[in-house]
Amino acid sequence: MAERARVERWFSALCAVPWLLVVGAYLEAYAARLVLSRWPRPSYDDPKQLATAPFHLILQLLLLSLGVAIPIVVFLAAWNWRKVCSDWRYRVHVAVFLVGVATFWVLANYDPGRVWDWFFD
């Protein structure tokens with residue numbers, strides 16, 4: 001039973017990665033705004049040169065882990081499709097993950113406030 005709880009915690013954490021990345025990028029931009037006393041500008045205010053550099057490093061690691069998390073969640077959901085279909089908690093986790101990936105994609109492409117231009121700079 002303890003093994004199952006550990007797997008559920010790992011799966012929950014894996015499903016939260018896109019939301020952590022989205023919220024973290026906007027929190028970093030807001031912290032940079034507090035440091036600079038203005039909104040950060042792409043190509044002028046390097047996130048790696050500001051006081052928020054350690055937070056930016058963590059977010060870059062989250063961005064890399066998102067590239068790994070997407071195939072893992074798809075594989076686990078497809079491999080355990082009966083469990084996912086029978087237990088509503090797993091469906092919620094997968095739905096939260098999919099909505100998070102879609103939110104990340106939409107925000108990165110349409111970029112309100114140019115936060116993602118600055119983040120990827």
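With respect to the conditions (1) out of contact with any Gly (no Cβ under 8 Å at 6 or more places or on another chain); (2) without any contact (Cβ under 8 Å) to a residue 40 or more places away in the chain; (3) within 26 Å of Val106 (Cα to Cα), Phe55 lacks only one, and its number is (1).
Scanning segment 85-121 for residues being without any contact (Cβ under 8 Å) to a residue 40 or more places away in the chain and under 16 Å from Ile70 (Cβ atoms) gives a total of 7. Can you confirm whether segment 20-31 contains a residue that is of a type in the set (D, E, K, R) and in a loop (DSSP other than H, G, I, E, B)? The answer is no; no qualifying residue exists. Return yes when Tyr90 is exposed (fewer than 13 other Cβ atoms within 10 Å of the Cβ) and aromatic (Phe, Trp, Tyr) and no when it is not. No, not satisfied. Within segment 27-52, being in contact (Cβ under 8 Å) with a residue 40 or more places away in the chain, surrounded by fewer than 16 Cβ atoms within 10 Å (Cβ to Cβ) and not polar (S, T, N, Q) holds for Trp39, Arg41, Asp46. May I ask you to verify whether Phe104 is crowded, with 16+ Cβ neighbours inside 10 Å, at pLDDT 85 or above and assigned to a helix (DSSP H, G or I)? Taking the combined requirement at face value, the residue satisfies it.
Return yes when His56 is within 17 Å of Arg114 (Cα to Cα) and either part of a helix (DSSP H, G or I) or out of contact with any strand residue (DSSP E or B) (no Cβ under 7 Å at 6 or more places or on another chain) (or both) and no when it is not. Taking the combined requirement at face value, the residue satisfies it.
The values are calculated or read from the model by the stated rules, or taken from the named source; none is laboratory data. Note that the coordinates shown come from a computational prediction; the quantities given were computed from them, not determined experimentally. Every residue, glycine as well, gets a Cβ built from its backbone with ideal geometry; the counts of neighbours run over all protein chains shown.
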